[in-house]
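Report on the following structure.
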Amino acid sequence: MSASSTAIDLARLFKLRLVVARHGEMDAARWWNTNGILGRRGDMVLKRGFPSTHSFAQARIAFAVARSRCHELFDPPGSMTLWNLPADIEDQFDERWQDWLDEGDQWEPVFAKLSETEPGDLLRMLEAFDLIDQSQVEAVGKLRRAAEGRSVPLAGTHCPDDDVITLLAAGFARSEPGSPAIPYARIED
């Protein structure tokens, strides 16, 4: 395990991705081509085919679509985004997936809250899930879209940690409906 990944709370990363993925759906911010997959509609559709794991199937779909759309719009070399973290972190995240499936009952309140929450203001959604603090909200307020309009850079270089990953998620708040701007951070050597 590398030093860059030891400080990452993978369950928190999972929740951050859930909230941003839900917020970006077509029935909300219109950033990627899923329509309520993490909402009630997706719950109803997938529950029949995946009775005990439908919430995780919904998440897998939403994450894959969000990752693909963000990669298509802006894929900076030597950088990380919410959907493209260093390989060791992504590997650990994938390894934890089976554990989360086994702990499905513990995750059900999170998925239920996500399904019931009306997507609106991303920062408020992150606050509702207790994923962002006031200093991070203030930091996001200082972020700006890059001149090309497709990205939101975090100044400087960074090692991945919970604070940086939170800013990568919350930085999507600088986007506009139908026009996502991908937050990114240059990776420290």
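The values are calculated or read from the model by the stated rules, or taken from the named source; none is laboratory data. Since the structure is predicted, the reported quantities are computational estimates derived from the model, not experimental observations. Cβ: placed from backbone, ideal geometry, glycine included. Neighbour counts: every protein chain shown.
Quick notes on this structure:
- Tally, over the range 103-132, of residues that are within 15 Å of L13 (Cα to Cα) and free of Cβ contacts under 8 Å to residues at least 12 places away in the same chain: 2
- Identification of helices (runs of 4 or more DSSP H) wholly contained in the range 1-78 with 2 or more residues that are crowded, with 20+ Cβ neighbours inside 10 Å and either at pLDDT below 95 or in contact with a helix residue (DSSP H, G or I) (Cβ under 6 Å, 6 or more places away or on another chain) (or both) yields 10-23, 54-73.
- Taken over the range 147-183, the criterion of being among the polar types (S, T, N, Q) and in a helix (DSSP H, G or I) is satisfied by T166 alone.
- Condition met for E90 (in contact (Cβ under 8 Å) with a residue 12 or more places away in the chain and either in contact with a helix residue (DSSP H, G or I) (Cβ under 9 Å, 6 or more places away or on another chain) or not hydroxyl-bearing (S, T, Y) (or both)): no
- Taken over the range 92-118, the criterion of being in a helix (DSSP H, G or I), surrounded by 16 or more Cβ atoms within 10 Å (Cβ to Cβ) and not hydrophobic (A, V, I, L, M, F, W, C) is satisfied by Q92, S115.
- Contact annotation: no residue pair with Cβ atoms under 7 Å, 6 or more positions apart or on different chains, pairs a residue in the range 141-161 that is farther than 10 Å from R174 by Cβ and crowded, with 16+ Cβ neighbours inside 10 Å with a partner that is at pLDDT 95 or above and polar (S, T, N, Q).
- Filtering the range 138-153 for residues that are under 14 Å from V20 (Cα atoms) and basic (K, R) leaves an empty set.
- A count restricted to the range 153-188 and to residues that are over 15 Å from the mean Cα position of the chain (by Cα) and not small (G, A, S) stands at 10.
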